[in-house]
Amino acid sequence: MSLRLNISGVRKSYNGKPVLNACSFSFDRNGVYVLTGSNGSGKSTLLRICALIESPDNGEVIYFSGNNIISKDILLRRRITLVLPGIGLFNTTVFNNAAYGLKIRGGKNKETERKVNNALKFVGLIHKKNHNALTLSSGEIQRLGIARAMAIEPEMLFLDEPTASIDNENTEIVENIILNMKKEGRSKTIIATHDMLQAGRLGDCMLLMDEGKIIKV
Amino acid sequence: MESIIEGFKKAFSLIFGLDAELLGIIFLSLRVSGTALLIVSIIGLPLSALISLKKFPARGLFISIMNTLMGLPPVVVGLFVYMMLSRSGPIGFMGLLYTPSAMIIAQTILAFPIAVSLCHSAIISVNPIIKQASMTLGATSLQTSVTIIKEARYGIMSGMIAAFGRVMAEVGAILIVGGNIAGYTRVMTTTIALETDKGNFELAIALGIILLTISLAINLLLHFVQRKGALPVNR
Ligand SMILES: Nc1ncnc2c1ncn2[C@@H]1O[C@H](COP(=O)(O)OP(=O)(O)OP(=O)(O)O)[C@@H](O)[C@H]1O
Ligand SMILES: [Mg+2]
């Protein structure tokens, strides 16, 4: 049963300044949602709240499988993931970075290796698997961030500006990765981006963040 | 001048002749400071991880105290440990005064705040995105903590090395609580102090050279660790 996300009345303020203001939306279709909006409109904040690494001040973030509500525990957190705008690579090899999610889940070595190698091949980084991740270029960092997320086969994937600081060639690679995942129907993807053309190329559903609320466009 | 040259000659013959007394002193120095460092790692590392990663009241106060204690004068520690261990002191019955154990206790007290303070700053200076990334990948809070500590590993190692260097070179505390008993509690620094006092330069010079060499080795190691920690460029 595929995972669905419903948020309702979500509010979040930082230092008394409201960022999300009774924000509600249902992510219930499969495919790619694209979230746009001006700088500081709250896209990243919303993604962190949806990915359950931050709590809203108010309102509900509810995950469903079919009609069942899933409790927000570590098991649910392990079915979803967010690729942060800065990625946050660990000071170790490319392989170990991509394997992190599986290792902390106690995955078997063989299986982990196979999945990680596949993910690295998918993003074109297999030849760098033994390099230290902190020596990668920005484009490679983005791709490793995606590979690291793919390795755990999330049912819902949040991508925060996956192509913000990379060149056209790498942007195309990253977009192809996303389109390929969409074709394979692996997960529901929610992408925050400023690139309107990209939004058109990737998105099945366009969303705009405005005054702390999500508007469907 | 001549006596200095003579002193150096004899010092080198002691070093290269692997003089038994000299080796015993060096070995005891390393044993005392090494054990102190081991105790500090066992107690201090988990403690610094705890105060760095968990919010608890008075954390700021605790760190300020540790920072203050980093500059603790060794003689004051010596005095304190002496009073604790002397026959009329609270744990005088254990008969530890003037034993290597007393020296280990003193050096542990000296190394502790240095290690805790430096490890704490290494852990809190890990970029917060590491914590977030680890959470997004499904880590439990314990796994996230381990990940953060791993990211701080070079800083932690630097802190431990710095603490070791400090206690290796220290003389005030162990002289007071160890008593510089030949063949039992004599370590490099106390021997240098005493032999110089007596005008026996050759052993003092030999030990001085070795102490400097060890100190150089520690600093090279520190430099290497810090460079390794700073190597990756594209962060
Ligand atoms: N941890 C935080 N502490 C304080 N303020 C924050 C924090 N996170 C976000 N904010 C503030 O909340 C507002 C929304 O930030 P957010 O990063 O969600 O916007 P965004 O839509 O992702 O912007 P951008 O397009 O620039 O990435 C901003 O004003 C930001 O300064
Ligand atoms: Mg953002």
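Tabulated data
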quantity	calculated
Value of D in µm² per second that Stokes-Einstein yields for region A:3-216, Kirkwood Rh from Cα pairs, at 25 °C (0.890 mPa s)	139
Chain A: relative contact order as a whole-number percent, Cα under 8 Å and 6+ apart	30
Residue among A:Ala199, A:Val116, A:His131 farthest towards the positive dipole end of region A:3-216, charges placed on Cβ	A:Val116
Unit Cα scatterers, Debye sum, region B:19-61: log10 I(q)/I(0) for q = 0.14, 0.21, 0.29 Å⁻¹	-0.51, -0.71, -0.92
Shielding of A:70-80 by partner chains, average beta-carbon count, 10 Å	2
Inter-probe distance in nm under a simple model that places probes 7 Å from Cα toward Cβ, at A:Cys205 and A:Ser65	2.0
Which of B:Ile149, B:Ile109, B:His120, positive extreme of dipole for region B:101-230 (C-beta unit charges)	B:Ile149
Those trypsin sites (Lys or Arg not before Pro) in region B:8-71 that DSSP places in a loop and that have at most 11 other beta carbons within 10 Å	B:Lys54, B:Lys55
Restricting region B:176-235 to chymotrypsin sites (Phe, Trp or Tyr not before Pro) in coil, as DSSP defines it, with at most 13 other Cβ within 10 Å	B:Tyr184
Relative contact order for chain B, counting Cα pairs under 8 Å that sit 6 or more residues apart, in percent	30
Spin-label model distance (nm) - B:Lys228 vs A:Asn118, 7 Å beyond Cα toward Cβ	3.5
Lys, Arg +1 and Asp, Glu -1 on Cβ, resulting dipole of the protein assembly as shown about Cα centre, debye, nearest 20	1300
Antiparallel bridge percentage (DSSP; both residues within chain A; nearest 5)	55
Dimensionless Rg ratio for region A:60-128, taking C-alpha atoms and the 2.2 N^0.38 Å reference	1.35
For B:Cys119, A:Cys205, A:Cys23, order by how many other beta-carbon atoms lie within 10 Å, fewest first	A:Cys205, A:Cys23, B:Cys119
Charge dipole (debye, nearest 20) of region B:2-229; +1 at Cβ of Lys and Arg, -1 at Cβ of Asp and Glu	1000
Efficiency of FRET from Cβ geometry, A:Asp73 and B:Phe12, R₀ 60 Å, rounded to 0.05	0.30
Computed Kirkwood radius, in angstrom, where 1/r is averaged over Cα pairs of region B:2-229	19.3
Averaged over B:123-136, number of beta-carbon atoms from partner chains that fall within 10 Å	5
5 Å-binned pair-distance histogram of region B:109-216 (Cα, whole percent)	2, 12, 15, 14, 12, 9, 8, 7, 6, 6, 4, 2, 1, 0
Of all DSSP beta bridges in the protein assembly as shown, antiparallel share, percent nearest 5	55
Leading residue at positive end of dipole, chain A (Cβ point charges), from A:Thr171, A:Phe90, A:Tyr14	A:Phe90
Kyte-Doolittle mean at least 0.0, axial Cα span of 18 Å or more - DSSP H helices of chain A	A:138-151
√(5λ) per eigenvalue of the Cα gyration tensor, the protein assembly as shown, largest first, Å	59, 24, 17
Size of charge dipole - chain A - debye, nearest 20, with Cβ of Lys, Arg +1 and Asp, Glu -1, no other charges	740
Candidates A:Leu89, A:Leu157, A:Leu35, ranked by Gaussian network fluctuation over chain A, Cα under 10 Å, top entry	A:Leu89
Cα-derived Rg to Rh of region B:138-196, Kirkwood definition	1.35
Footprinting exposure proxy for B:Glu195, B:Glu2, A:Glu172, A:Glu140 (fewest neighbouring C-beta atoms within 10 Å first)	B:Glu2, A:Glu172, B:Glu195, A:Glu140
Average Cα contact separation per residue, region A:120-192, under 8 Å, 6 or more apart, as relative contact order %	37
Span from the region B:1-78 Cα centroid across to the region A:76-90 one, whole angstrom	42
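Any read-out appearing in this document is the output of simple, stated calculations on the displayed coordinates, not a laboratory observation. Everything quoted here is computed from the prediction, not taken from an experiment. Cβ coordinates were reconstructed from backbone atoms using ideal geometry, including for glycine residues, and neighbour counts include every protein chain displayed.
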